[in-house]
Amino acid sequence: MTSACVLVFDFDGTVSLGDEPVVAYARHLDEEAGSATGLITRVVSRFLQCDGRLDRALEGLTDADPVFLGLHVIDGAIDGYAAAARLATLIGLQQAQIDAAYTASRADLADGLISTRAPEGFASFLAAFPPGAHRVLVSNSPANGLIEQIDKLGLTRSFDEVVTSANKPAGLPAILERLLAEHGLADAPDRLLSVGDIWVNDLAPAAQLGAATALIDRMPVPEGAAPTVRAPQIEELYPWMLDWASGRADRT
């Protein structure tokens with residue numbers, strides 16, 4: 001059995017858990033909008049509390065409540081970041097303002113103002129992979145904020161490679177193809193596993209290349225998504241991923 005393989009992990013929502021980074025982004029968007037009511041923050045916070053399920057988020061609200069209307073606007077957003085940006089655009093923020101809010105939220109991360117956590121036992125899990133397993137973190141986040149968070153989570157030495165500003169989903173195929181080529185797996189794309197919480201961004205490009213995929217399905221999953229494995233929490237997939245890396249798990 002071969003152990004040569006590549007594992008690609010998303011960051012936010014996969015390796016770094018907790019909603020504070022998204023709420024910080026929403027708060028900075030409200031500041032850009034000059035909102036005294038904090039509408040974006042209120043809507044996004046409720047969206048996250050209900051894991052993106054509109055029916056649950058609307059419970060107890062009246063149709064006259066701005067949060068009720070805002071939740072309808074962001075229904076179907078792939079995550080809290082997309083939800084916040086959609087609402088910000090609707091209320092008239094320009095792209096430069098949206099970008100500034102995101103940059104400010106990542107600065108908060110770098111400054112240690114935002115609390116996040118790693119999945120339980122994650123560092124030990126990464127250390128348990130067999131020789132020949134190349135563990136890569138691939139994130140759309142810039143290095144500022146992300147590198148500090150990796151250190152705070154105790155994962156500085158856990159990854160063999162870190163790719164920032166990845167521009168997923170458009171930029172992911174080139175990253176995956178490079179990794180396959182560098183590790184002699186160009187003809188064996190099923191020996192690459194992409195792990196993430198957003199099908200469109202993290203997994204669909206990998207699946208199109210013939211790679212294995214593991215979905216953390218906290219948020220609603222789009223119709224047609226067909227990950228190799230899925231679970232609400234990444235910890236549930238530890239045994240399968242270790243078996244996959246060792247060549248013992250079924251692969252599609």
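The values are calculated or read from the model by the stated rules, or taken from the named source; none is laboratory data. If you're wondering where the values come from, they're calculated on a predicted model, not measured in any experiment. Cβ: placed from backbone, ideal geometry, glycine included. Neighbour counts: every protein chain shown.
Odds and ends about this structure:
- Scanning region 226-250 for residues that are part of a loop (DSSP other than H, G, I, E, B), surrounded by fewer than 16 Cβ atoms within 10 Å (Cβ to Cβ) and of a type outside the set (S, T, N, Q) returns Ala226, Pro232, Gly247, Arg248, Asp250.
- Phe122 of a type in the set (A, V, I, L, M, F, W, C), under 17 Å from Gly18 (Cβ atoms) and assigned by TED's automatic domain parsing to the domain that holds Ile234: yes
- Residue in region 171-199 that is surrounded by the most Cβ atoms within 10 Å (Cβ to Cβ), counting only those that are closer than 19 Å to Ala245 by Cβ and among the small types (Gly, Ala, Ser): Gly196
- Taking first residues from region 80-103 that are on the phi < 0 side of the Ramachandran plot and partners that are among the acidic types (Asp, Glu) and in a loop (DSSP other than H, G, I, E, B), the Cβ contacts under 9 Å between residues at least 6 apart in sequence or on separate chains come to Gly80/Asp19; Ala83/Asp75.
- Test result for Arg157, touching a Ser or Thr at 6+ places or on another chain (Cβ under 9 Å) and among the basic types (Lys, Arg): no
- Scanning region 37-51 for residues being loosely packed, with under 15 Cβ neighbours inside 10 Å and either farther than 24 Å from Leu17 by Cα or among the β-branched types (Val, Ile, Thr) (or both) gives a total of 1.
- Identity of the residue in region 147-174, in a helix (DSSP H, G or I) and within 28 Å of Pro189 (Cα to Cα), that ends up farthest from the chain's Cα centre (by Cα): Ala174
- Residue selected from region 127-146 under the condition more than 18 Å from the chain's Cα centre (by Cα) and crowded, with 16+ Cβ neighbours inside 10 Å, by the criterion farthest from Leu203 (Cα to Cα): Phe129
- For the residues Leu61, Leu54, the requirement of being more than 30 Å from Ala181 (Cβ to Cβ), without any contact (Cβ under 8 Å) to a residue 40 or more places away in the chain, surrounded by fewer than 17 Cβ atoms within 10 Å (Cβ to Cβ) and over 21 Å from the mean Cα position of the chain (by Cα) singles out Leu61.
Yes/no per residue for (1) at pLDDT below 95; (2) out of contact with any Leu (no Cβ under 6 Å at 6 or more places or on another chain); (3) surrounded by fewer than 16 Cβ atoms within 10 Å (Cβ to Cβ):
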| position | (1), (2), (3) |
| --- | --- |
| Ala77 | yes, yes, no |
| Ala85 | no, yes, no |
| Ala88 | no, no, no |
| Ala96 | no, yes, yes |
| Ala101 | no, no, no |
| Ala104 | no, yes, no |
| Ile114 | yes, yes, no |
| Ala118 | no, no, no |
| Gly121 | no, yes, yes |
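- Qualifying residue in region 242-252 (condition: under 29 Å from Phe47 (Cα atoms) and of a type in the set (Lys, Arg)): no
- Among (1) over 21 Å from the mean Cα position of the chain (by Cα); (2) of a type in the set (A, V, I, L, M, F, W, C); (3) not assigned by TED's automatic domain parsing to the domain that holds Glu148 - the single one Leu87 does not satisfy: (1)
- Any hit, region 3-18, residues being over 26 Å from Val221 (Cα atoms), in contact (Cβ under 8 Å) with a residue 60 or more places away in the chain and in a helix (DSSP H, G or I): no
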